[in-house]
Amino acid sequence: MEVDPTVFRLAIFALSIFVGYYVVWSVTPALHTPLMAVTNAISSVIIVGALLAAAAKGFGGAGAPWGAKIAGGAAVALAAVNIFGGFLVTQRMLAMYKKKER
């Protein structure tokens with residue numbers, strides 16, 4: 001008996017949601033800033049892939065499907081928001097460790 005690839009991928013996606021949830025919520029506050037820095041680095045790699053998807057050409061000279069271009073553009077926008085938001089959160093958390101001037 002063979003499992004449909006779509007069902008297999010959906011199962012992996014569902015498991016990754018649970019693993020991601022428990023990994024993120026079990027991080028101690030001291031490790032939050034380094035974790036955000038790594039997350040920003042991963043998002044920058046995602047932006048490169050999203051730009052490639054948005055600018056993709058189809059096979060045989062045909063244009064890429066509009067769905068791929070729209071999804072690539074949306075991925076660029078969401079990853080950009082994630083990167084800039086991550087930098088803002090990291091900057092704010094690092095400011096908490098600075099001595100306050102009197």
message: Given Cβ point charges of +1 (Lys, Arg) and -1 (Asp, Glu) and nothing else, what value in debye, to the nearest 20, does the dipole of the chain about its Cα centre take?
response: 640 debye
- line: Taking Cα pairs closer than 8 Å and at least 6 residues apart, the relative contact order of the chain in percent is 29 percent
query: Considering the values [x] -0.32, -0.70, -0.79, -1.19; [y] -0.55, -0.93, -0.99, -1.14; [z] -0.28, -0.61, -0.69, -1.08, which represents log10 I(q)/I(0) by the Debye sum over Cα atoms at q = 0.11, 0.16, 0.17, 0.21 Å⁻¹ as calculated for the structure under consideration?
result: [y]
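Each value in this text was obtained by applying a stated rule to the coordinates, not by laboratory testing. Note that the structure is a prediction, hence the values are computed from the model and not measured. Here the Cβ is made from the backbone with ideal geometry for all residues, glycine too, and neighbour counts use every protein chain on show.
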